[in-house]
Amino acid sequence: EEIIDQLLKKDLISLRIIALSALIKNQGTLLKWFPAHPLISYPQPAEMRKGVVREGVFKYTTLNEENICQREIFFKPEAVRDNCFEDYLLETVRYLVSQNEPTLIFFATPAETRQWARWLASRLESPAASPALSAIKELKQMEDTLSRKELLEVLKKGVAYHNPGLSWEERNLVETHLKKGEIKIVCASTKYSIGLNL
């Protein structure tokens, strides 16, 4: 925003900016601040669902059909303790992995992404949690970083995290192997989700 403000203050008539965004909810306000010709495209490469899991039932809408509410049974109500975040998280992730669905979980801080990635990796069992062998092999060939050892451990269960503490190469590795289907679960920090390219 600061860079664009500086550019708009200068008399740069020939300057052309192409701005891309996955989602802009308040487009009118943006266009008042940053005059542009919007080009909107709605197709999604992968259907995204949003909803609530309660007593093992996922009630959700999809991005393409927002007004249609659907239901899917994830697990039996007795599999979790009432209002226990850990139980709900684990059972939901187990179900999604069993359906071969990539799972992206957002947390408020980078520390939480690492904590919950480790926690999930310690509780997921085979065959649901298969190692991300290609990602592990590739990561072992990369330069040693503060996060490399921890990332190698969680990748053994097909889990990873994505936050500003990873190097560009490590973040790219996580994104690439999630797209390939080898990494099944990514814990990402909310503040950094704008950089997560899926």
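The values are calculated or read from the model by the stated rules, or taken from the named source; none is laboratory data. Owing to the predicted nature of the structure, the values given are computational and were not obtained by experimental measurement. Here the Cβ positions follow ideal geometry from the backbone for every residue, glycine too, while neighbour counts run over all protein chains shown. The protein model used for the area step is the full one, side chains on, heavy atoms only, and it has no ligands, DNA or RNA in it. Shrake-Rupley method; radii C 1.70, N 1.55, O 1.52, S 1.80 Å.
Over the range 30-155, average the accessible area per residue using a 1.4 Å probe and give it in Å², no decimals. Write down the numbers at each step before the final one.
Working: 8610 Å² over 126 residues.
Roughly 68 Å² per residue, with all protein chains present.
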**OP:** Could you run the Debye sum over the Cα atoms of the range 87-198, one equal point scatterer each and no solvent, and tell me log10 of I(q)/I(0) at q = 0.16, 0.20 Å⁻¹, two decimals?
**Re:** -0.62, -1.01
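Could you tell me the number of lysine pairs in the range 11-155 with C-alpha atoms less than 19 Å from each other, where the two lysines are 8 or more residues apart or belong to different chains? All intermediate terms of the calculation are to be shown ahead of the outcome.
Numbers: Lys25/Lys50; Lys50/Lys59; Lys59/Lys76; Lys137/Lys149; Lys140/Lys149.
Close lysine pairs under the 19 Å cut-off: 5.
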**OP:** Under 18 Å Cα to Cα from Lys179, which aspartates and glutamates show up? Leave out anything in the same chain fewer than 8 places away.
**Re:** Glu47, Glu101, Glu138, Glu169, Glu170
Subject >> Positive minus negative residues near Lys140 (Lys, Arg vs Asp, Glu; Cβ under 13 Å) >> reply: -2
**OP:** Run a plain Debye calculation on the chain (Cα atoms as equal point scatterers, no solvent) and give log10 I(q)/I(0) at q = 0.11, 0.12, 0.16, 0.17 Å⁻¹, rounded to two decimals, same order as the q list.
**Re:** -0.64, -0.74, -1.10, -1.18
Original post:
Using a Gaussian network model of the chain with C-alpha springs under 10 Å, which one of Phe106, Phe34, Phe85 is most mobile by mean-square fluctuation?
Top reply: Phe34
Original post:
Mind checking which of Arg16, Arg71, Arg94 has the largest fluctuation in a GNM of the chain, springs on alpha carbons under 10 Å?
Top reply: Arg16
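Considering only protein heavy atoms and a probe of 1.4 Å, how much of the accessible area of the chain is carbon and sulfur, as a whole percent?
Working: 7490 of 13630 Å².
Ligands and nucleic acids excluded, carbon and sulfur give 55 percent.
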Original post:
Taking the Cα atoms only, what angle lies between the long axis of helix 85-98 and the longest principal axis of the chain, rounded to 10 degrees?
Top reply: 90
